[in-house]
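Structure, as structure tokens:
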Amino acid sequence: MAPRSTSTGTSEARERLLRTASELFYREGIHSVGVDRIIGEAGVTRATFYRHFPGKEDLVEAYLGVEDANIRGAFVAAEASGAEPKQLVGLVIEGLADDVARHHTRGCPFINAAAEYPDADSGVRRAVAEHREWFRSELESVLTAAEVDDPIGAAAQLVLLRDAAMVGGYLDGWERVRPAFTAAAVRAAGVQG
């Protein structure tokens, strides 16, 4: 029997596995969620799981790929807004804040995954490193276009601020952390009114 596909051509079973794993991994941690539980909650067979993901680490890498694609999509949407470069920096900062408020209330999925995979040579850690490098580079590009002094330093500060905001939002509540994050990010980017 051929796998059933969605309108985008991907397998419905694969998408269910990925969606289920993503929710469980983010909410409960990667190592605490077993393959059997993912299979059961996704409503697929073990054979279906292994047809799509040779092992659990492959599923973890796919989960991080979804997280990466979502943040890339947010940057594309901000850039497609037609905003002037300095306005775009503000949109990016607000977009990062909105992302934490709506989707990342339990910390950064990349930091969480890195904590569970200490081997820097693992596929998971490589996926984390690639995402972080892209994220930093994308911030540098946006800041360079806005003619910010020291876009490399400002991008590094924004990465650290976002990391801290995700942890702080989880521990202290986003309502409390968001104003501090936004103010610090605007200062770091050098675009305050």
Tally the residues that are surrounded by 15 or more Cβ atoms within 10 Å (Cβ to Cβ) and either in contact with an Asp or Glu (Cβ under 9 Å, 6 or more places away or on another chain) or more than 23 Å from residue 101 (Cβ to Cβ) (or both), restricting the search to the stretch 145-161.
7
So which of 42, 47 ends up being over 19 Å from the mean Cα position of the chain (by Cα) and loosely packed, with under 15 Cβ neighbours inside 10 Å?
47
For residue 94, the lone unmet condition from (1) closer than 21 Å to residue 158 by Cα; (2) assigned to a helix (DSSP H, G or I); (3) open to solvent by less than 60 Å² (accessible area, probe 1.4 Å); (4) not β-branched (Val, Ile, Thr) is (3)
Would you say residue 100 is of a type in the set (Val, Ile, Thr), within 19 Å of the chain's Cα centre (by Cα) and more than 25 Å from residue 192 (Cβ to Cβ)?
no
Residue tally, condition open to solvent by less than 60 Å² (accessible area, probe 1.4 Å) and within 18 Å of residue 58 (Cβ to Cβ), over the stretch 130-144:
1
Residues in the stretch 65-75: is at least one of a type in the set (Phe, Trp, Tyr), at pLDDT below 95 and out of contact with any Cys (no Cβ under 6 Å at 6 or more places or on another chain)?
yes
Hey, residue 114 hits all of (1) under 25 Å from residue 183 (Cβ atoms); (2) touching a residue at least 12 places away in the same chain (Cβ under 8 Å) but one; which does it fall short on?
(1)
Give me a count of the residues in the stretch 103-130 that are over 12 Å from the mean Cα position of the chain (by Cα), acidic (Asp, Glu) and part of a helix (DSSP H, G or I).
1
Looking for whichever is of a type in the set (A, V, I, L, M) and under 20 Å from residue 75 (Cβ atoms) here; the options are 177, 124, 167, 100. Which one fits?
100
Among residues of the stretch 20-39 being in contact with a helix residue (DSSP H, G or I) (Cβ under 6 Å, 6 or more places away or on another chain) and more than 19 Å from residue 167 (Cβ to Cβ), the residue surrounded by the most Cβ atoms within 10 Å (Cβ to Cβ) is 21
Of everything in the stretch 64-84 that's touching an Asp or Glu at 6+ places or on another chain (Cβ under 9 Å) and open to solvent by 50 Å² or more (accessible area, probe 1.4 Å), which residue is nearest to residue 26 (Cα to Cα)?
70
Would you confirm whether or not the stretch 102-123 contains a residue that is open to solvent by 20 Å² or more (accessible area, probe 1.4 Å), in contact with a Pro (Cβ under 7 Å, 6 or more places away or on another chain) and not hydrophobic (A, V, I, L, M, F, W, C)?
no
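The values are calculated or read from the model by the stated rules, or taken from the named source; none is laboratory data. Fair warning: this is a prediction, and the values are worked out from it, not measured in the lab. As a convention, Cβ positions derive from the backbone with ideal geometry for all residues, glycine included, and neighbour counts pool all protein chains shown. Heads up: the accessible areas ignore ligands, DNA and RNA and are worked out on the full protein's heavy atoms, side chains in. Shrake-Rupley method; radii C 1.70, N 1.55, O 1.52, S 1.80 Å.
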